[in-house]
Every structure is written in structure tokens, then in C-alpha cells.
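Below is one structure, written out as C-alpha cells; the observations come after it.
The values are calculated or read from the model by the stated rules, or taken from the named source; none is laboratory data. This one's a predicted model, so the numbers in the text were calculated from it and none came from an experiment. Please note: Cβ atoms are built from the backbone with ideal geometry, for glycine as well, and neighbour counts cover all protein chains shown.
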Amino acid sequence: MKSYKPTSPSRRQMSNISYRDVITATTPHKALTKGFKRSVGRNNQGVITTRHKGSGHKRVFRDIDFKYTKLDIPATISTIEYDPNRSAFISLVTYKDGEKKYSILPKSLNVGDTFIVSEKAEIKAGNRLPLKNIPVGTFVYGVEVKPKGGASIARSAGNYAEVVAHDEGYAQIKMPSSEVRKVKDECWASVGEVSNDENRLQNYGKAGRSRWKGIRPTVRGTAQNPVDHPHGGGEGRQGRGRRRAISVYGKPTGKGQKSRHPKKYSNKFIVKRRKVGKK
């Protein structure tokens with residue numbers, strides 16, 4: 001991590017990742033990029049569906065290969081790059097047949113290292129293989145939820161899941177949230193942990209850096225009016241006056257509230273619920 005001299009109040013607490021020690025290329029591979037319009041928390045009708053999103057710096061989209069369709073062809077890491085659209089580092093990989101793709105960089109791999117996507121791959125960081133061939137206790141990332149569906153679980157900076165059991169055609173995966181869930185044995189996963197585990201230690205230092213990233217301010221419900229929030233109103237500072245903390249839409253939120261739908265289709269795949277509330 002990089003800290004700064006306190007030349008201003010915002011610099012005093014600010015900390016950042018030492019990108020110069022990791023990144024090897026500053027310009028993305030043009031053939032794998034495109035422009036795009038960010039949704040800023042709106043749906044196709046322009047209605048806000050996720051609050052506190054908007055503005056932010058313009059970004060270029062990097063086309064990341066989450067499906068890993070090139071089987072049994074060794075790949076070499078050519079560059080390590082920053083991606084503004086995700087917290088993990090990405091790498092431009094060159095397959096032995098000459099094709100180039102972007103992929104999520106695992107923690108322990110550097111430029112020049114190789115990996116392979118194969119059913120018979122050895123258990124080594126970066127290699128990708130079916131869950132049925134991965135032994136219990138192995139850390140994995142980029143886990144599929146459906147066979148050939150593409151990496152979905154454990155993709156952000158520093159994340160990993162753990163294979164804790166194999167049973168009746170399913171692998172039991174301990175998720176980053178501490179939930180234990182069943183995933184079909186035919187689903188694929190990459191061995192190792194996602195890079196940039198220091199991402200969570202960053203301190204933005206000032207409100208402006210959040211705005212650059214497209215994060216708008218969050219106002220406490222108790223500071224709002226009754227018309228705007230269920231916690232609002234009252235003369236002076238008030239308690240919320242209800243058993244559960246709820247969102248502006250009236251749904252339970254925060255402070256260890258259970259917000260999952262009791263009849264959700266994937267409930268049958270959950271072996272152990274995640275631990276909620278204060279860590």
C-alpha cells in the first residue's frame with residue numbers, strides 16, 4: 001500500500017495501491033476493448049433501481065473471457081493491467097495458437113507464467129478444471145454456477161472459495177460470504193485466489209474520489225423527512241422506533257437482517273447459511 005504526506009486534510013488518511021509495482025502495461029489491447037454507457041443504477045426505462053450510483057469517470061470496457069472455451073491449449077501471461085470496471089487485476093494472455101484474451105489474474109502469477117484449461121490439468125494456481133477433479137481443501141475462484149455458464153462466483157479482488165466436500169454429483173463450496181453451497185461437479189473452477197487482495201485496505205481520503213468512481217452520497221434515513229424514508233421525521237434526533245432497520249422501500253436491510261426471499265429457487269442448494277451481522 002502507498003501512503004502520502006499530509007499535505008492536506010484529505011491526504012492525511014488517504015492510502016492507495018502501489019500500482020507501479022504490479023502493472024506492466026498502461027494501454028489496453030485495442031482489439032479487446034469497446035465503449036459502453038454505464039447504467040448508473042437505472043433500468044431500461046430510466047427508473048432508479050440501485051441508489052447511490054451516478055456520474056463518475058468515463059471508462060473503456062475490457063472484454064474479459066469468463067467462459068474459458070480454449071481447452072487443452074497452454075496460455076502465457078503477457079501483461080498485467082488495471083481494469084476500471086472491476087477490483088481485481090486483469091491479464092492479457094496469449095494462447096499457444098496465437099489468440100489473445102483478457103482474464104482475471106490470480107494472486108501468485110506474474111508475466112511469463114503459464115496456465116492451462118483442461119480436465120487433466122494439475123492442481124496449480126491459474127489452472128482451470130472441473131470441480132469433480134479438484135480435491136477437498138483447495139482454494140478456487142471463478143466458479144461456474146451452471147456447467148458451461150461461465151465464471152460467476154469469487155471474481156473480485158482477493159476473493160476465493162473453498163472446496164469442502166464432494167457428495168452425490170455435487171461439490172460443496174464455502175463461499176467468500178461464509179455460506180456453504182452445492183454446485184454441480186461438472187462446473188469448472190480456477191485454482192488459486194484472485195489478485196489485488198490489498199484492495200479492501202484502500203482509504204479514498206476524500207468524497208471526490210468516490211464521485212470519480214461513480215459512487216454518490218448515502219444519506220441516513222433518520223436525517224430525512226417522513227415522506228422520504230420510514231426512519232425519517234421527529235423533533236430532534238430520534239431512534240428508528242421499529243423492530244427492524246428497513247430501506248426506503250420498506251424492506252429489511254443492514255444490521256444482520258435476513259433479506260433473502262424464503263422461497264427463492266436456489267435455497268435447496270444452500271447447505272449452510274452465511275453468517276450475518278457484525279463480523
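Does segment 1-58 hold any residues that are in contact (Cβ under 8 Å) with a residue 60 or more places away in the chain, more than 19 Å from K213 (Cα to Cα) and among the basic types (K, R), and which are they?
Within segment 1-58, just R12 meets the criteria.
If I go through segment 220-243 residue by residue, how many of them are loosely packed, with under 14 Cβ neighbours inside 10 Å and assigned to a loop (DSSP other than H, G, I, E, B)? Write out each step before concluding.
The first filter runs over segment 220-243 and keeps only residues loosely packed, with under 14 Cβ neighbours inside 10 Å, leaving 220, 223, 225-228, 234-239, 241-243.
Next cut, assigned to a loop (DSSP other than H, G, I, E, B) only: 220, 225-228, 234-239, 241-243.
Residues meeting the conditions: 14.
Among residues belonging to segment 159-199 that are among the small types (G, A, S) and at pLDDT below 95, point out the one that is surrounded by the fewest Cβ atoms within 10 Å (Cβ to Cβ). First the steps, then the outcome.
The first filter runs over segment 159-199 and keeps only residues among the small types (G, A, S), leaving 161, 165, 169, 171, 177-178, 189-190, 192, 195.
Cutting the leftovers down to at pLDDT below 95 gives us 169, 177-178.
On the way: G169: 10, S177: 13, S178: 12.
Once the filter is applied, the top-ranked residue is G169.
Out of (1) touching a residue at least 40 places away in the same chain (Cβ under 8 Å); (2) exposed (fewer than 14 other Cβ atoms within 10 Å of the Cβ), what's the single condition that is false for V271?
Against the list (1) touching a residue at least 40 places away in the same chain (Cβ under 8 Å); (2) exposed (fewer than 14 other Cβ atoms within 10 Å of the Cβ), V271 comes up short only on (2).
Please give the strands (runs of 3 or more DSSP E) falling wholly within segment 90-205 in which 3 or more residues are aromatic (F, W, Y) and either outside the structural domain of K258 (by TED's automatic domain parsing) or farther than 30 Å from P9 by Cα (or both). Even if it seems obvious, please write down each step before you answer.
Details: elements: 90-95, 100-104, 128-130, 139-141, 151-153, 161-167, 170-174, 180-184, 188-191.
Where strands (runs of 3 or more DSSP E) fall fully within segment 90-205, none carries at least 3 residues being aromatic (F, W, Y) and either outside the structural domain of K258 (by TED's automatic domain parsing) or farther than 30 Å from P9 by Cα (or both).
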